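Below: one structure, written as structure tokens.
The values are calculated or read from the model by the stated rules, or taken from the named source; none is laboratory data. Quick caveat, the model's predicted, so the values are computed rather than measured. Note that we place each Cβ from the backbone using ideal geometry, even for glycine, and neighbour counts take in every protein chain shown. These accessible areas exclude ligands, DNA and RNA; they are computed on the full protein's heavy atoms, side chains included. Shrake-Rupley method; radii C 1.70, N 1.55, O 1.52, S 1.80 Å.
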Amino acid sequence: MHQTIEKLFDLKGKVALVTGGAMGIGKGIAIKLAQAGAAIMIVDIVPTAEAEYTIKEINDQGGNANYLQADLKDIKHLSLVLDHTINTLGDIHILVNNAGIFTYCPVTELTEELWDNTINLNLKSVAFLSKLVVKKMIEKKHGGKIINISSIDSLKPSGNLAQYDASKGGVRMLTRAFAKEVGKYGITVNDIAPGGINTPGVKKISGQTLSQAQQQAMQTQMQQFISMLPLQRMGEPEEIGNAALFLASEASNYMTGSTMVVDGGLLIM
Ligand SMILES: NC(=O)c1ccc[n+]([C@@H]2O[C@H](COP(=O)([O-])OP(=O)(O)OC[C@H]3O[C@@H](n4cnc5c(N)ncnc54)[C@H](O)[C@@H]3O)[C@@H](O)[C@H]2O)c1
């Protein structure tokens, strides 16, 4: 059991699949896992040219990052994602289900299209990609780590994000359901619930086509949110990367079915 701290967090020889890793939180996670030695496959919807900056940033630091463009909303693409990762890098040890969309929408404006798009990416793709990956991990008998990115909204709705909150509540429960069934194969499944993190996605939400009143309401909600936070600031993607590194490493071996809250104190506001 006795080992150095360096060894405890060492991911050399491991392969990590990170969804939505071209930017934002996924990028912060991919960088951190690569720094610990894991080979990385980033799967994201953006064209390869847009993801190149992230891939180069990781590889310039001595990492091994690769890219596959895929729309994860469509579960027909998921077995291709798995096959491509295994053919390129070998067996998968770590899956980070991070890709997600969040669209500001009062419940009175909710559409079936927004509901389906959100649930299909944020929840359905997590269930079916996890299914494929754990089946492979069980077959290969090497165990593994599944890390789902839920949200603080799975514990406390921030408002005007009902479809998103429902999807993330689902991710939290999916984490527990998978953890219960696959623990006996040496696979741990946990989720990270980030609070407000500075990412392109959060900036984009501000640029959505909204009425002036909605825009104003949303900005007021955001300002109030930051000023009330105990830590008085938004988090950074690398701070979620640090939490993911813990969950991907041997340091978290006796932890499964848990939610790790990284929220600047939002829950105690
Ligand atoms: N930023 C926050 O404050 C915050 C808080 C809590 C939870 N989260 C969660 O963290 C995750 C990442 O959020 P972020 O803020 O980094 O968002 P982001 O929009 O900055 O990045 C999301 C990434 O997912 C990719 N993506 C979007 N649709 C996709 C699809 N159909 N197929 C494949 N990839 C797709 C995007 O191209 C992008 O690279 C999401 O699941 C989000 O719900 C974010």
*asked:* Out of the total accessible area of the stretch 181-269 (probe 1.4 Å, heavy atoms of protein only), what percent is carbon and sulfur?
replied: 56
*Separation of the stretch 72-148 and the stretch 202-241 by C-alpha centroid, Å?*
26
*residue 224-residue 135 pseudo-label distance in nm [points 7 Å out on the Cα-to-Cβ vector]*: 4.7
*Ordered by packing density, taken as the mean number of other Cβ atoms within 10 Å over each peptide's residues, highest first, how do 213-225, 143-155, 232-244 rank?*
143-155, 232-244, 213-225
*Obtain the nm distance between the two label points defined at residue 75 and residue 242 by a simple spin-label model: each point lies 7 Å from its Cα along the Cα-to-C-beta direction.*
3.7
*What pairs from 7/203; 32/204; 56/145; 32/136; 14/156 go past 29 Å between their alpha carbons?*
7/203; 14/156
*Could you state the accessible area per residue of the chain in Å², with a 1.4 Å probe and every protein chain left in place?*
49
_Under Karplus coefficients 6.51, -1.76 and 1.60, residue-wise ³J(HN,Hα) of the stretch 216-223 in Hz, glycine/proline x_ = 5, 4, 5, 5, 4, 4, 5, 5
*Treating the beta-carbon of each Lys and Arg as +1 and of each Asp and Glu as -1, no other charges, what is the dipole magnitude of the stretch 5-268 about its Cα centre, to the nearest 20 debye?*
720
*Mind checking which of 212, 244, 199 is farthest towards the positive end of the stretch 143-262's charge dipole, using Cβ charges of +1 (Lys, Arg) and -1 (Asp, Glu) about the Cα centre?*
212
*Of 123, 174, 110, which has the largest mean-square fluctuation in a 10 Å C-alpha GNM of the chain?*
110
*asked:* I'd like the Kirkwood hydrodynamic radius of the stretch 5-268, using the inverse of the mean 1/r over distinct C-alpha pairs, in Å.
replied: 18.6
*For the chain, what's the relative contact order in percent, using C-alpha pairs closer than 8 Å and at least 6 residues apart?*
22
_Carbon + sulfur, % of accessible area of the stretch 62-152 - ligands and nucleic acids excluded, 1.4 Å_ = 52
*If we sort 183-190, 49-56 on the protection proxy, mean other Cβ atoms within 10 Å, highest first, what's the order?*
183-190, 49-56
*For the stretch 121-245, what percent of Cα pairs sit more than 22 Å apart?*
45
